[in-house]
Amino acid sequence: MTTPDTTIFETRESQVRSYCREWPAVFDTAQGVHQFTEDGKRYVDFFSGAGALNYGHNNPELKKYLVEYLGGDHVVHSLDTYTVAKREFLQTFQDLILTPRNLDYKVQFPGPTGTNAVETALKIARKCTGRSDVVSFTNAFHGMTLGSLAVTGNSMKRAGAGTPLYHSNTAPYDDYFDGETADFMWLDRTWSDSGSGLDIPAAVIVETVQGEGGLKAARTVWLRELQALCRRHGVLLIVDDVQAGCGRTGRFFSFEEAGLEPDIVCLSKSISGYGLPMSLTLMRPELDQWEPGEHNGTFRGHNPAFVTATAALKTYWADDALEQNIAARAEQLRDGLQRIIARTEGASLRGRGLLTGVAFADTEVAGKIQAAAFERGLLVETSGPSSEVVKVMPALTITEAEMAEGLEILVDAASAVLH
Ligand code: PMP
């Protein structure tokens, strides 16, 4: 294998780049759960574009609609003008996602990325309640812009903002309660006491499974208590489903399992189905209090993304075949990961659905396994405040044989590191 030419990246691209340091290769083509470097080396992809590729790379079912759309000179960029592609998406989202789940949300297209969806949710909450604080949780990740970073519980990421961010309150996530009763009494009491100095916030923002924060999955009881607390105090509940949504944890929305009814929902990553930039902020209809033009953006109408998003919903969410595959492959994944856990003291299983991994007591281990996996032809990420978790996030369409192939490499890599 020749050494890849990375000179221009190293000399011209900002040093902020990170994934390329973990995977020092130059990738070129990709299909399904595999990526290929320019010199033809094949990698199993257990990372899926940080969750943006739930239906795999260049999914042929979705590609044909995209190619047809581009070939027909249909509108590509449209700001927020009405287009056929957007109409199709909204109607399909209504028919296949909202109506069957009895959900009533207005849909806003806030921009290309997840952080845009979060930023918009925070603004809506502040505007509709007239309050400014948003409570978020330890180890939460909500994005990199100033607002979404202010509710992100990661000090390394927050350091990137240079100076302290606007005031926002951080509460302990469910993992601090060790399976004890869900305890929101302290928030309940302080919010009830106007002299406590803890003002009632505009909203609480939560991930049901913390994707970047180490695959901690909140218990149903904790999530329901949180929703009840919010309702009692007139605080809006925002579920950030940017990573855990679009089927990643088993159902389309990650909060379905706990039966939550959030006031606002953020979606992005896999909503376009094809890795194209797209995000949604869903809000209860009465929260749609914007004046026209009050929240603008040039890339709110990326029609090729609407086309693949519609195709993804029609292909994968009109029946329960995908959900069944997620459940079966998640079981296969947990069984495979148990082979690593069984031989490692202090290792434990984390996550839900196909957002599952192994946490190691020794924080060096996950990074070493990631490097050993890369050498053997597998792309897998780490997660958590000390990068102590090996995070497995394959395409939801992965077959049994493909999962077995990736797991074999991962177990082999772990054996090499753990001897
Ligand atoms: N929220 C969550 C839960 C995320 O995982 C991410 C991205 N990892 C974001 C928001 C931000 O999304 P983006 O990187 O597309 O801006």
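Overview of values
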| read-out | value |
| --- | --- |
| One residue from 256, 207, 212 being within 18 Å of the chain's Cα centre (by Cα) and more than 13 Å from the ligand (Cβ to nearest atom) | 256 |
| Hits in the range 88-118 (condition: hydroxyl-bearing (Ser, Thr, Tyr), more than 14 Å from the ligand (Cβ to nearest atom) and in contact (Cβ under 8 Å) with a residue 12 or more places away in the chain) | 92, 105 |
| Residue match in the range 10-28 (condition: surrounded by fewer than 19 Cβ atoms within 10 Å (Cβ to Cβ), part of a strand (DSSP E or B) and either among the hydrophobic types (A, V, I, L, M, F, W, C) or assigned by the TED database to the domain that holds residue 398 (or both)) | yes |
| Unmet criterion (only one of (1) within 23 Å of residue 328 (Cα to Cα); (2) in contact (Cβ under 8 Å) with a residue 40 or more places away in the chain) for residue 401 | (2) |
| Lone qualifier among 328, 311, 318 - being surrounded by fewer than 21 Cβ atoms within 10 Å (Cβ to Cβ), in contact with a helix residue (DSSP H, G or I) (Cβ under 9 Å, 6 or more places away or on another chain), modelled with pLDDT of 95 or more and not in a loop (DSSP other than H, G, I, E, B) | 328 |
| Listing of strands (runs of 3 or more DSSP E) fully contained in the range 187-284 that carry 3 or more residues being farther than 19 Å from residue 97 by Cβ and either of a type in the set (Val, Ile, Thr) or without any contact (Cβ under 8 Å) to a residue 60 or more places away in the chain (or both) | 203-206 |
| Residues (farther than 16 Å from residue 409 by Cα and part of a helix (DSSP H, G or I)) located in the range 331-364 | 331 |
| Any hit, the range 127-135, residues being crowded, with 16+ Cβ neighbours inside 10 Å and touching a Ser or Thr at 6+ places or on another chain (Cβ under 7 Å) | yes |
| Hits in the range 132-176 - residues which are at pLDDT 90 or above and of a type in the set (Ser, Thr, Tyr) | 132, 136, 138, 145, 148, 152, 173 |
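The values are calculated or read from the model by the stated rules, or taken from the named source; none is laboratory data. Worth saying up front: this structure is predicted, and the values here are computed from it rather than measured. Here the Cβ is made from the backbone with ideal geometry for all residues, glycine too, and neighbour counts use every protein chain on show.
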